[in-house]
1. When all alpha-carbon pairs of the range 61-170 are counted, what percent fall beyond 19 Å?
2. Using only the Cα atoms of the range 19-108, build the gyration tensor, take square roots of its eigenvalues as a ≥ b ≥ c, and label the shape rounded, prolate or oblate: rounded if a/c is under 1.5, else prolate if a/b is larger than b/c, else oblate.
3. Could you put His252, His406 in order, starting from the residue whose Cβ has the fewest other Cβ atoms within 10 Å?
4. Let me have the 222 nm mean residue ellipticity of the chain computed from DSSP H runs of 4+ only, each contributing -39500 (n - 2.57), with the sum over all residues rounded to the nearest 500.
5. In the chain, once you exclude exposed GluC sites (Glu not before Pro) (DSSP loop, at most 15 other Cβ within 10 angstrom), what's the longest stretch remaining?
6. Does the range 250-406 classify as rounded, prolate or oblate by the C-alpha gyration tensor (a ≥ b ≥ c root eigenvalues; a/c under 1.5 gives rounded; else a/b over b/c gives prolate, otherwise oblate)?
7. So which helices of the chain fit the span-like rule, where a helix is a whole DSSP H run, its Cα atoms reach 24 Å or more along the axis, and its mean Kyte-Doolittle is at least -0.5?
8. Normalised by the residues of the chain, what does the relative contact order come to in percent, with Cα pairs under 8 Å and at least six apart?
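Derivation of every value follows stated rules applied to the coordinates shown; laboratory data play no part. Quick caveat, the model's predicted, so the values are computed rather than measured. Every residue, glycine among them, receives a Cβ derived from its backbone with ideal geometry; neighbour counts consider all protein chains shown.
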Amino acid sequence: MKRLLLASLIIITASAKAQQHAAAILQQLDQQRNHYEQMAVTIWKWAEPGYLEDKTTALMQDELAKAGFKIEKGIADIPTAFVASFGSGKPVIGILAEMDALPGLSQQPTPDRKPLEEGGYGHGCGHNLFGTGSIAAAIATKNWMAANNIKGTIRLYGTPAEEGAGGGKTYLVRAGVFDDVDAVLHWHPGDNNSASPSSSLAYKVALFRFKGQAAHAAAAPEKGRSALDGVEAMNFMVNLMREHVSQETRIHYVIKKGGLTSNIVPDFAEVEYTIRHPTVAGLNDIWDRLNKTADAAAMGTGTSVSHEVMTGLYNVLPNETLAKLVQKNLEKVGGVSYTAEETSFAEAIRKTVSATGLPSVGSAAEVKPYALNGLTSASTDVGDVSWVVPTAGLSTATWVPGIPAHSWQAVACDGMSIGFKGMMVAAKTIALSAADIFQHPEILPIASAELKKARGGESFQYKSLAGDRKAPLDYRK
Ligand SMILES: [Zn+2]
């Protein structure tokens with residue numbers, strides 16, 4: 001299999017015709033750069049919350065419709081989700097486009113903390129660039145297909161609400177909108193350029209609701225049963241459990257409701273848990289143990305407990321066959337180099353980060369060498385997609401090296417030239433990779449065989465970890 005893959009990569013690289021195709025795609029994207037920067041900055045200013053991306057999704061759909069894509073909106077009963085398609089028949093290549101922003105991170109494109117709107121939303125994960133860059137890639141691929149009579153279908157998936165308990169893609173996967181897709185390409189803003197396959201943590205968010213008996217806390221405590229005691233007993237047991245879970249496990253909680261006043265025994269309390277593990281089996285084990293602590297806490301405190309799963313995500317299954325192809329194209333496109341003005345912005349904003357030992361400013365121009373076995377201690381709903389379709393992605397240096405995701409500094413970079421340059425690196429790499437796959441569809445059965453092996457053979461059946469609940473359309477309201 002490896003030899004076959006190597007052979008196909010050599011063919012892809014060597015053909016002079018392929019070189020011409022690549023040059024045409026790159027030229028087209030360079031010409032459209034200003035247009036896509038405008039689009040990215042418009043979405044950045046709107047900074048809409050998950051499932052409420054009304055203006056953003058309309059702009060994205062409009063852009064694709066004008067370019068000749070057929071739009072299906074409101075897919076999987078999610079008003080802001082859509083699929084834009086061009087072409088017909090096989091192969092079918094999907095490109096993901098995220099669009100939601102984060103609460104509390106509103107920020108101007110400056111290297112010091114200046115909110116645009118106090119407490120407002122900001123694009124701290126760069127999904128304004130993610131969405132726009134993916135659309136740029138899809139349109140460039142479509143134009144190239146039309147000009148060269150290329151067979152197949154290119155699809156852009158507008159995927160809302162990636163952040164927090166949104167989990168938008170799990171509902172899209174559950175609705176079957178990826179069932180006929182042969183390969184999925186995606187990218188994510190970052191502080192470096194890398195296409196190395198890396199996994200993520202499987203993830204589940206749930207609310208545990210305890211019910212007790214209200215009573216006067218001083219005059220009739222024996223008649224009360226505290227729901228908050230239930231929450232506290234559960235948290236205590238979970239904190240003991242931490243010593244007996246694998247190193248990569250993550251468990252976090254917040255008490256969302258703990259009673260109204262201390263002179264009434266609380267009859268209702270609610271705690272939100274997030275659990276993460278590198279595998280779905282490991283996550284399910286932690287989930288079972290978490291439920292036992294909840295039941296035991298209720299039993300011991302004379303309360304009752306119920307839970308609601310808010311979302312659940314698979315870990316990302318890397319696909320080396322596709323990742324190597326993306327790496328080759330990322331190396332061809334190259335990283336992000338700064339003007340003198342951008343360098344001074346970069347140096348100034350790095351001073352606001354508390355950590356030491358940051359990667360050099362110049363590393364934004366480099367492409368990381370291909371490496372295996374990466375695990376990011378975060379989670380993404382791309383995971384669910386990667387279990388049903390061979391999927392590969394990349395990150396590009398939209399953020400100054402050393403700037404973390406979900407920070408005001410990331411918001412600042414996502415709204416200025418450094419972010420836009422990183423976005424165009426991603427758009428070019430994805431368009432070149434899609435064109436490679438259309439010209440060499442023989443890579444697809446190899447990618448598919450790799451996926452089947454990685455998920456443990458033919459018997460795998462996708463089952464959403466969010467269960468049968470509906471998408472939590474109001475989680476940001
Ligand atoms: Zn993100």
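1. That fraction is 51 percent.
2. Verdict is oblate for the range 19-108.
3. So the ranking, lowest neighbour count to highest, is His252, His406.
4. After summing the helix terms and dividing by the residues of the chain, the value is -13500 deg cm²/dmol.
5. The longest uninterrupted stretch comes out as 249-441.
6. Oblate shape, in that a/c is at least 1.5 and b/c is the bigger or equal ratio.
7. Qualifying helices: 127-148, 280-301, 417-439.
8. 24
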